[in-house]
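To start, the structure itself, in structure tokens.
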Amino acid sequence: MSSNPQTHELLVREVGARGDGLAVDEAGHRAFVPLTLAAERVRARVEGDRGELLEVLTASPDRVDPPCPHYGVCGGCALQHWSMDGQLAWKSDQVRQALAREGIETEIRSVIATPPGSRRRVALHARPGPNGPRLGFKGRRSWTVTDIQTCLIADPRIVAALPGLRTLAAAFLDHPKSAPTLRVTATETGLDIEVSGVERKSGGLSADRQMQAAEAAGALDLARLTLGGEPLYQARRPVVRIGSAQVEPPPGAFLQAAPGAEAAMQAACVAAVQGASRAADLFCGLGSFALPMAEQVPVLAADSAGESIEALKAAARTPGLKPIQAVTRDLFREPVSAMELRGCDVIVFDPPRAGGFEQAREIAVSDAVRVVGISCNPTTFARDARALVDAGWRLEHVTPVDQFLWSAHIELIGVFER
């Protein structure tokens, strides 16, 4: 289509992997149009291969009214216009297609859904505004921050704190080059906030602004406030419960987004270690899977995030747990070898979105009898799974987990056996 914006009537053929509708006009030109569904006829302003929805001319029966007042402008959600049954079926199919591209067939179990209000961590962006800071998520295909008054995916404790978080954000906007991001985590002892994106070259946050931030944190009754990992305020230790252990996450540490989804993944790992003598948890983070498995068997745990490994070591002293050998290691550059995995009957690996192909190759030639693969990217999971299948493993089943409500992302759990 023309590089100059033009208005077209299009028929949406399917919803693509990023959640945008793939649409065509009468001349056969294609464009991706957000907020549309398969079989809909729409009018859109199109530039190149991207379209902006203007009007739905013929709606899909799966179309619903978006529940959030910010939907369509805020870029935090992409699928609120789609019925839950429709989008869960689509997400399951995304997993099936990713596996099929690698020539892998398996049982795909029912999607485990997570409800609204269950996301315990969000990243909120702050920018100056005419009436005070704007605080929220970036818009769709935009760097502009949508100033939100509510968020239907977030833990209610985070939503309730939004007015105070806006006041807190003002302390970090003193320098014109600052573009603060507040990474907010709801813990058992209160909100834990790590701030990044504050201009440092000109001297960083002044003493007055640090005091302003600490006062705002006190008014919010935060558990902890840190800037670039350095403490600005702490009333008490932020704590999350993982299995029987209490863990103090370091500032900005990775946590599974929704506790309910995490519990489903933990249950799969615990079931896998029944009857095992030892297990491994690779890309272990804070020990979301290592700690529950250690209630049954000794565990070797490895991750490149040194501070998270130290937090895991502290939590491993919880009474009743089997020994956890936790090591800091870059598993991309130095994967744990099959030799080092000797004696581990069960191996769990949960790499980031890029996957862990080199580590998967070592797992494939290990003497384990069961592997649990967890991933937030079906494409890289399927690539890594191919390494195991080629070495004689069988992917018994996959369970999609809708941890990222109303987004195009999908988590999954895959269980491999010899």
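Laboratory data are not the source of any read-out in this text; all were calculated from the coordinates shown. Only a predicted model underlies this, so the values are computations on that prediction, with no experimental measurement involved. Backbone-built Cβ (ideal geometry, glycine too); neighbour counts: all protein chains shown.
What are the chymotrypsin sites (Phe, Trp or Tyr not before Pro) within the stretch 124-230 that DSSP puts in a loop, where the Cβ has at most 12 other Cβ atoms within 10 Å?
Answer in residue order: Trp143.
Of the candidates Glu340, Glu262, Glu26, which one comes out as most mobile in a Gaussian network treatment of the chain with C-alpha springs shorter than 10 Å?
Glu26
Starting at the first residue of the stretch 237-253, write each ³J(HN,Hα) from the Karplus equation 6.51 cos²θ - 1.76 cosθ + 1.60 with θ = phi - 60°, in whole Hz, x for Gly and Pro.
Working through the residues one at a time gives 6, x, 9, 10, 9, 10, x, 8, 9, 9, 10, 9, x, x, x, x, 5 Hz.
Can you sort Leu388, Leu57 by how many other beta carbons sit within 10 Å, fewest first? Walk me through the intermediate numbers first.
Values: Leu388 22, Leu57 12.
Taking fewest neighbouring Cβ atoms as first place, the list is Leu57, Leu388.
For the stretch 193-266, treating each Cα as an identical point scatterer without solvent, what Debye log10 I(q)/I(0) comes out at q = 0.11, 0.14, 0.15, 0.26 1/Å?
-0.37, -0.56, -0.62, -1.22
Sum -39500 (n - 2.57) across every DSSP H segment of at least 4 residues in the chain, then divide by the residue count to get the 222 nm mean residue ellipticity, nearest 500.
Computed ellipticity for the chain at 222 nm equals -7000 deg cm²/dmol.
With Cβ to Cβ distances under 15 Å as the rule, what net charge do the other residues near Phe332 carry (K, R +1; D, E -1)?
Working: positive: Arg329, Arg333, Arg353, Arg361, Arg383; negative: Asp303, Asp330, Glu334, Asp350, Glu358, Glu362, Asp384.
Summing Lys/Arg as +1 and Asp/Glu as -1 gives -2.
Using θ = phi - 60° and the Karplus curve 6.51 cos²θ - 1.76 cosθ + 1.60, what whole-Hz ³J(HN,Hα) does each residue of the stretch 383-391 get, with Gly and Pro shown as x?
Going residue by residue, I get 4, 5, 4, 4, 5, 6, 4, 5, 8 Hz, with x marking Gly and Pro.
Quick one: 3J(HN,Hα) in Hz for the stretch 329-337, Karplus 6.51/-1.76/1.60 with θ = phi - 60°, rounded, Gly and Pro as x.
7, 7, 7, 7, 8, 9, x, 5, 6
How would Met293, Met211 line up from fewest to most surrounding beta-carbon atoms within 10 angstrom?
The most exposed by this proxy come first: Met211, Met293.
State the answer as a single residue: which of Ile104, Val56, Gly129 lies farthest towards the positive end of the charge dipole of the stretch 50-129, with beta carbon charges of +1 for Lys and Arg and -1 for Asp and Glu, about the Cα centre.
About the Cα centre, the residue reaching furthest to the positive side is Gly129.
Starting from the Cα gyration tensor of the stretch 263-418, multiply each eigenvalue by 5, take the square root, and state the resulting semi-axes largest first in whole Å.
21, 18, 16
With a ≥ b ≥ c the root eigenvalues of the C-alpha gyration tensor of the chain, is it rounded (a/c under 1.5), prolate (a/b larger than b/c) or oblate? Walk me through the intermediate numbers first.
On the way: a/c = 2.07, a/b = 1.10, b/c = 1.88.
Taking the square roots of the gyration eigenvalues as a ≥ b ≥ c, the chain is oblate.
Considering the chain as a Gaussian network with a 10 Å cut-off on Cα pairs, which listed residue, Arg200, Arg96, Arg157, attains the greatest mean-square fluctuation?
Greatest mean-square fluctuation among the candidates belongs to Arg200.
Could you estimate the translational diffusion coefficient of the stretch 77-125 from the Stokes-Einstein equation, with Rh from the Kirkwood formula over C-alpha pairs, at 37 °C and 0.692 mPa s, in whole µm²/s?
The Stokes-Einstein estimate is 250 µm²/s.
Please list, in chain and number order, the residues 5+ apart from Val327 or on another chain whose amide H is under 5 Å from its amide H, with Hs placed from the backbone.
Those lying under 5 Å, H to H, from Val327 are Ala301, Ala302, Asp303.
Give the shape of the stretch 29-181 as rounded, prolate or oblate, defined through the alpha-carbon gyration tensor: a ≥ b ≥ c are the square roots of its eigenvalues, a/c under 1.5 means rounded, and otherwise the shape is prolate if a/b is larger than b/c and oblate if not.
Prolate, because a/c is 1.5 or more and a/b exceeds b/c.
Please check: in the Gaussian network model of the chain (C-alpha springs, under 10 Å), which one of Ala186, Ala27, Ala113 has the largest mean-square fluctuation.
Ala27
Please list, ordered by chain and number, the residues whose modelled amide H lies under 5 Å from the amide H of Ile112; skip anything fewer than 5 residues away on the same chain.
Amide H neighbours of Ile112, under 5 Å, 5+ apart: Val401, Asp402.
How much net charge surrounds Ile193 when only other residues with a Cβ under 10 Å from its Cβ are counted (Lys, Arg +1; Asp, Glu -1)?
With Lys, Arg at +1 and Asp, Glu at -1, the net is 0.
Provide the descending list of Cα extents for the stretch 1-63 along its principal axes, expressed in whole angstroms.
Answer, in whole Å and largest first: 32, 23, 18 Å.
Quick check: from the Cα gyration tensor, does the stretch 121-240 come out rounded (a/c under 1.5), prolate or oblate?
Judged from the Cα gyration tensor, the stretch 121-240 comes out oblate (a/c at least 1.5, b/c at or above a/b).
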